[in-house]
Amino acid sequence: MSRLHEQTEIDGDRFAGYAPVLQAVAQRVIREENASALVAEIEAGAQPVTLNTVVSAILERERGKLDRLQFSDPRLAETLYSADEQLDRLIALIYQLPPPTVSGLSHEDAHIYDAALRTWVPDHSFLGGRDAPSSAVFDAVIAVRALKRNDSAELALNRELARGAASANPFLAEFYAPQDKDSGLTFLPPQHVGIIYSSLRARLSLGDTASLLVEGPEEGAEDEILRAEVEITVGRRGSDHAQYLRFESDQTGPIRLGAQVEDIDITVPHTRVEIGPGPEALLIAPISVQCETLALTANRLIVEAAQDRSDAAVFLEAAQYEGAMTSVPVVRGKISLSTSWPGVRGHPWTSFATNPSPVSDPRIDEALRRLRKFVIAFRSHSKGNLARYRAKLDHARMTKGSGKAVLYILLSEGILSIAGSMYVLDPDKLAACAGTNYTDCMARRFSDQTIEFVRRALQ
């Protein structure tokens, strides 16, 4: 049970100490012919009692209530009240939707089953009240099922977004997209990117970090124009290695980020990105958003950084902007806020409007994009410098095209150095050799010296 406590420590004892959970674990042991050997394997980690196995055991335990019913058709006990049906009935209760219908029952059997359901569903082990899950773990299981059903997906998404990042369910990502190396990448709809990222951030401990990358294909990839890749990087305090969670996605729906956004890099030229809703939206640097439509549905915008960090910059660029905000954004601390879209020089964005540097040579333009990607990939390190895992910068996503040439010149001129598993960026050498800095790269403002720098990289 100690391993299960570790998995659910965010939820206190509401899950691991919950009677049906304890019973499910006990039944898992009882079913084995050699229970002692199973316990030893569990303690050694060879047979872990995971959240998924316990949840499945509880649902199977609930299904066992069918044994008490006397149906005229005994085969019904093999099909009714499955795990999916139980979750669908809980969804109907919580989201106030019609319950699922069951066909093929005689009038008598339907009466018996309906009478049982009126007791079973409100008293389900996943509920702590008539329409409220008893634990964040059970809440996540129900929400994931709801998010993947057509009739409840929008209701469930709005419910998760309304929680806000500070109250995001830390178990949602656990059940939504288990990372299985053998099953390939999970498809993550663009609408769900924000809530899954918030869920993963909700599990961070002090000193841990997480960042989100969403990227569409490069210009010219017409056959894949609506594809998108999602990558969430999680760094644990004291670890020299990052965890990368990768998903497939597309640009056919909006990316809904909620009212609090932190540490993101989104480049989706064919997608709508929504920030909000709510009375105010909070952007915590570093943030870069380049999209087709930027919709800011909050009445007030606050920009800040989690700490005093040298990568404190926010860049918002869109082909069009939607929003009714009339108050000037509030910028807390030494943070650069740059915005670019048609009409951006009007109130309340006048002080933050910027025009990315025009470049006519497509080779130079592509190399500048690579330089920007490398520079803004860096994050403030615990030792005060700008560092990034080498695997991140060496990835084919970063080095394709002119990326290898740009990375080579950054290393050869000492702008980047290697420290174990990390690349470290020297901002002074970046300014001296390449004529740029983090803020200018973020806002896509490139000097003549920077253009000449990438030209040398291409020679």
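The values are calculated or read from the model by the stated rules, or taken from the named source; none is laboratory data. This structure is a prediction, so every number in the text was calculated from the model and none was measured. Cβ: placed from backbone, ideal geometry, glycine included. Neighbour counts: every protein chain shown. The accessibility values were calculated without ligands, DNA or RNA, using every heavy atom of the protein model including side chains. Shrake-Rupley method; radii C 1.70, N 1.55, O 1.52, S 1.80 Å.
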Checklist entry - Residue check, SER310 against (1) modelled with pLDDT under 95; (2) open to solvent by less than 50 Å² (accessible area, probe 1.4 Å); (3) in contact with a helix residue (DSSP H, G or I) (Cβ under 8 Å, 6 or more places away or on another chain), all met but one. Which one? => result (2)
Checklist entry - Going through region 105-121 one residue at a time, which ones are touching a residue at least 12 places away in the same chain (Cβ under 8 Å) and surrounded by fewer than 14 Cβ atoms within 10 Å (Cβ to Cβ)? => result SER106, GLU108
Checklist entry - Within the set of pairs 6 or more residues apart or between chains, which connect a residue that is in contact (Cβ under 8 Å) with a residue 60 or more places away in the chain inside region 414-433 to a residue that is surrounded by fewer than 19 Cβ atoms within 10 Å (Cβ to Cβ) and assigned to a helix (DSSP H, G or I) with Cβ atoms less than 9 Å apart? => result GLY420/ARG390; SER421/ARG390; SER421/ALA391; MET422/ARG390
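Taking the residues in region 178-209 that are of a type in the set (Gly, Ala, Ser) and surrounded by fewer than 21 Cβ atoms within 10 Å (Cβ to Cβ) as candidates, determine which candidate is modelled with the highest pLDDT. So that I can check it myself, show each step before the final result.
Quick first cut of region 178-209, residues of a type in the set (Gly, Ala, Ser) only: 183-184, 194, 198-199, 202, 205, 207.
Cutting the leftovers down to surrounded by fewer than 21 Cβ atoms within 10 Å (Cβ to Cβ) gives us 183-184, 202, 205, 207.
Values: SER183: 56, GLY184: 69, ALA202: 93, SER205: 88, GLY207: 84.
Among residues in region 178-209 that are of a type in the set (Gly, Ala, Ser) and surrounded by fewer than 21 Cβ atoms within 10 Å (Cβ to Cβ), the one modelled with the highest pLDDT is ALA202.
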Checklist outcome for this item: By residue number, the members of region 220-268 that are open to solvent by less than 70 Å² (accessible area, probe 1.4 Å), modelled with pLDDT of 90 or more and assigned to a loop (DSSP other than H, G, I, E, B) are GLN251, GLY253, PRO254, LEU257, ALA259
Item to check | Residue count for region 56-76, restricted to those that are open to solvent by less than 40 Å² (accessible area, probe 1.4 Å) and part of a helix (DSSP H, G or I) | outcome: 8
Checklist entry - How about region 87-98: which of its residues are open to solvent by less than 80 Å² (accessible area, probe 1.4 Å) and free of Cβ contacts under 8 Å to residues at least 40 places away in the same chain? => result ARG89, ALA92, LEU93
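If we keep just the residues of region 321-330 that are outside any loop (DSSP other than H, G, I, E, B) and at pLDDT 95 or above, which is farthest from THR297 (Cα to Cα)? Explain how you work it out, then say what you get.
Taking region 321-330 first, the residues outside any loop (DSSP other than H, G, I, E, B) are 321-323, 330.
Add one more test, that the residue is at pLDDT 95 or above, and what stays is 321-322, 330.
On the way: TYR321: 11, GLU322: 8, VAL330: 16 Å.
Selected residue: VAL330.
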Checklist entry - Here is a list of conditions, (1) open to solvent by 40 Å² or more (accessible area, probe 1.4 Å); (2) touching a Ser or Thr at 6+ places or on another chain (Cβ under 6 Å); (3) within 19 Å of VAL344 (Cβ to Cβ), and LEU316 meets all of them except one; can you say which number that is? => result (1)
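Of all residues in region 339-362, which are buried (at least 17 other Cβ atoms within 10 Å of the Cβ) and at pLDDT 90 or above? Spell out the reasoning first.
The first filter runs over region 339-362 and keeps only residues buried (at least 17 other Cβ atoms within 10 Å of the Cβ), leaving 339-341, 344, 349, 352, 354, 359.
Passing the criteria: THR339, SER340, TRP341, VAL344, TRP349, PHE352, THR354.
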Next on the checklist: Among the residues that make up region 363-377, is at least one of them surrounded by 13 or more Cβ atoms within 10 Å (Cβ to Cβ) and assigned to a strand (DSSP E or B)?
Outcome noted: no
Item to check | Leading residue by the ranking (surrounded by the fewest Cβ atoms within 10 Å (Cβ to Cβ)) among those in region 124-177 that are modelled with pLDDT under 90 and of a type in the set (Asp, Glu) | outcome: ASP131
Checklist outcome for this item: Filtering region 383-425 down to residues that are crowded, with 16+ Cβ neighbours inside 10 Å and either among the β-branched types (Val, Ile, Thr) or part of a loop (DSSP other than H, G, I, E, B) (or both) yields ASN385, THR399, SER402, VAL406, ILE409, GLU413, ILE415, VAL424
Next on the checklist: Of the residues ILE255, ILE264, only one is within 17 Å of ILE376 (Cβ to Cβ) and in contact with a Pro (Cβ under 9 Å, 6 or more places away or on another chain); which?
Outcome noted: ILE264
Checklist entry - Among (1) within 30 Å of ALA318 (Cβ to Cβ); (2) part of a helix (DSSP H, G or I); (3) among the basic types (Lys, Arg), where does ARG445 come up short? => result (2)
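From SER135, SER125, SER82, SER152, grab the single residue that is without any contact (Cβ under 8 Å) to a residue 40 or more places away in the chain and among the polar types (S, T, N, Q). Before the answer, list the steps.
Numbers: SER135 fails: without any contact (Cβ under 8 Å) to a residue 40 or more places away in the chain; SER125 fails: without any contact (Cβ under 8 Å) to a residue 40 or more places away in the chain; SER152 fails: without any contact (Cβ under 8 Å) to a residue 40 or more places away in the chain.
Within the list SER135, SER125, SER82, SER152, the selection yields SER82.
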